[in-house]
Amino acid sequence: MNNYLKKNFFRWIIDSRDDKAKERLSRLTDPFSAFKCHTILNCTKTCPKHLNPAKAIGEIKSMLTGIRTKPEPQVPKPADA
């Protein structure tokens, strides 16, 4: 799986509206997906959109190992009148 797909997986996994995060994470448990990344950061340095795929892959690894869980939805505070 390439870094672009991993970045998009991460975007959907952390989306508060997504209820298939566990299913998406289960597709990334094989040794040739998230854990193939050695965190050399070449993907971040060469990303034409100036994104940080290495950070997204690191977050996915943290969720797969149980170090981190999917964040709870953030409810915006009402504006002061």
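What follows is calculated from the coordinates using simple rules that are stated; it is not laboratory data. Owing to the predicted nature of the structure, the values given are computational and were not obtained by experimental measurement. Neighbour counts are summed over all protein chains in view; Cβ atoms, including those assigned to glycine, are modelled from backbone coordinates with ideal geometry.
Computed quantities for the displayed model
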read-out: Using alpha-carbon coordinates, inclination of helix 53-65 to the longest axis of the chain, degrees; value: 80
read-out: Magnitude of the charge dipole, the chain, Cβ model with Lys/Arg +1 and Asp/Glu -1, debye to 20; value: 280
read-out: Computed over the chain, Kirkwood Rh from alpha-carbon pairs, angstrom; value: 13.7
read-out: Value of [θ]222 nm, deg cm²/dmol, for the chain, DSSP H segments ≥ 4, -39500 (n - 2.57) each, nearest 500; value: -12000 deg cm²/dmol
